[in-house]
Amino acid sequence: MAYIGIDVGGTNLVAGLVNDQGAILKKASRPVDKSMSDRDLCRELASLAEEARLAGGLSREGIQAVGVGIPGLVDNKTGVVVMTANMPFRNTPLRELFQREWDVPVYLGNDANCAALGEYWAGSAKGCSPTVMITLGTGIGGGMVVDGKLFTGFANSGMEVGHMVTRPGGLTCGCGNQGCWEQYGSATGLIRMTREAMEQNPDSLLWQVCGGDLEKVQGRTPFQAAKEGDKTALEVLEAYRQELALGLISLVNVLQPEVICMGGGVSNADDELLLTPLTELVKKGSFDKTMPTRLVRASLGNDAGVVGAALLCNSL
Ligand SMILES: [Zn+2]
């Protein structure tokens, strides 16, 4: 049996033909046409799913289900995309609109949840329960899989780990609260901390790494300078790991996952600059000092969302 998973991103739509082991057999993608309405986009998703199916030479009957991962709040019971921050979906009956083009079972998931499912079924968290996945990007996305099933809370918006308040009275978050974890622990937070440190340390190698331009600082910048032994970069990373640890310690104490899987560009850093010292910090701060939870790097990259969306039908 085969499944189709679609990852709906702000810039690209990617569909993958996926087998029941979570391997991607074929892929199709298109850039997002920003002029499209939510209804146009639903038709576009159906057409992209068809493209992935045909690439694999399968008939419609050969596809068990289609799953769609959306950057926003979805209700799989009703098949509606409730809202998205950066796309035109708002109370959009995606399942119904999709099925007008192709009458196949359609499942909806949040993109961070789909990434968690992908890593659980086929990535570095394979078979681990509970698996918590955090994605360090513009914000911090979160998802949890327990015994193969996605945990999304009572009304689908659970596991918004990025909005745990770790710095009361701190920076104002897009959600309206102050001091949310993602203001400090996301790639955005790391970039801000790096820029602040650069302004105070005009001699730091960080300036060379980004060509003397604060605007060119990326999540990888402090890691690059730290590898050369730059003191300012090492200090930035130490402070960043402290911020990450604050949220991770709470996740470990409340949920005790078997694995916390970390994704997003920042997670590709060398172990000695991120995962190894971070694991020590979390262990030190956790209630259970034996720290049975392992921190691991995500292994599927952007494919996690496609695999997880495809296997939503087995995971809800
Ligand atoms: Zn927030």
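The values are calculated or read from the model by the stated rules, or taken from the named source; none is laboratory data. All values derive from a computational prediction rather than experimental measurement. For neighbour counting, all protein chains shown are included, and Cβ atoms are generated from backbone atoms with ideal geometry for every residue, glycine included.
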For residues that are under 11 Å from the mean Cα position of the chain (by Cα) and without any contact (Cβ under 8 Å) to a residue 24 or more places away in the chain, tally how many sit in the stretch 134-158. 0
Please verify whether the stretch 288-296 includes one or more residues that are at pLDDT below 95 and within 29 Å of Gln21 (Cβ to Cβ). no
Just to check your reading of the model, which residue among Met87, Met83 is in contact (Cβ under 8 Å) with a residue 12 or more places away in the chain and within 22 Å of Pro31 (Cα to Cα)? Met87
Give me the residue from the stretch 151-187 that is surrounded by fewer than 24 Cβ atoms within 10 Å (Cβ to Cβ) and assigned to a strand (DSSP E or B) and, out of that set, farthest from the ligand (Cβ to nearest atom). Phe151
Hits in the stretch 65-105 - residues which are farther than 24 Å from Gly153 by Cβ and surrounded by fewer than 17 Cβ atoms within 10 Å (Cβ to Cβ): Pro88, Glu96, Arg100, Glu101, Asp103
Looking at the structure I just gave you, is Thr131 among the hydroxyl-bearing types (Ser, Thr, Tyr), modelled with pLDDT under 95, within 14 Å of Ser315 (Cα to Cα) and within 17 Å of the chain's Cα centre (by Cα)? no
Restricted to the stretch 193-213, and to residues that are exposed (fewer than 15 other Cβ atoms within 10 Å of the Cβ) and part of a helix (DSSP H, G or I), which residue is nearest to the ligand (Cβ to nearest atom)? Glu196
Restricting the stretch 296-315 to residues that are touching a residue at least 40 places away in the same chain (Cβ under 8 Å) and not hydrophobic (A, V, I, L, M, F, W, C), the residue that is surrounded by the most Cβ atoms within 10 Å (Cβ to Cβ): Gly308
Exception for Val146 within (1) within 12 Å of the ligand (Cβ to nearest atom); (2) surrounded by fewer than 17 Cβ atoms within 10 Å (Cβ to Cβ); (3) closer than 23 Å to Gly118 by Cβ; (4) of a type in the set (A, V, I, L, M) falls at (1)
Can you say whether Leu190 is at negative phi, more than 15 Å from the ligand (Cβ to nearest atom), assigned to a helix (DSSP H, G or I) and buried (at least 20 other Cβ atoms within 10 Å of the Cβ), as far as the supplied structure shows? yes
Residue check, Gly57 buried (at least 17 other Cβ atoms within 10 Å of the Cβ) and small (Gly, Ala, Ser): no
Total residues in the stretch 247-268, condition surrounded by 21 or more Cβ atoms within 10 Å (Cβ to Cβ) and either over 20 Å from the mean Cα position of the chain (by Cα) or hydrophobic (A, V, I, L, M, F, W, C) (or both): 8
One residue is enough: does the stretch 112-124 have a residue meeting the conditions of a type in the set (Gly, Ala, Ser), touching a Lys or Arg at 6+ places or on another chain (Cβ under 9 Å) and surrounded by 15 or more Cβ atoms within 10 Å (Cβ to Cβ)? yes
Answer yes or no: is there a residue in the stretch 272-288 that is within 16 Å of the chain's Cα centre (by Cα), surrounded by 23 or more Cβ atoms within 10 Å (Cβ to Cβ) and either aromatic (Phe, Trp, Tyr) or part of a helix (DSSP H, G or I) (or both). no
Just the residues that are assigned to a loop (DSSP other than H, G, I, E, B) and in contact with a helix residue (DSSP H, G or I) (Cβ under 9 Å, 6 or more places away or on another chain), please, taken from the stretch 82-107. Met87, Pro88, Phe89, Pro93, Trp102, Asp103, Val104, Pro105
Pairs where the first residue, in the stretch 279-290, is of a type in the set (A, V, I, L, M, F, W, C) and the second is surrounded by 17 or more Cβ atoms within 10 Å (Cβ to Cβ) and not in a helix (DSSP H, G or I), C-beta under 7 Å, 6+ apart: Val282/Met291; Val282/Leu295
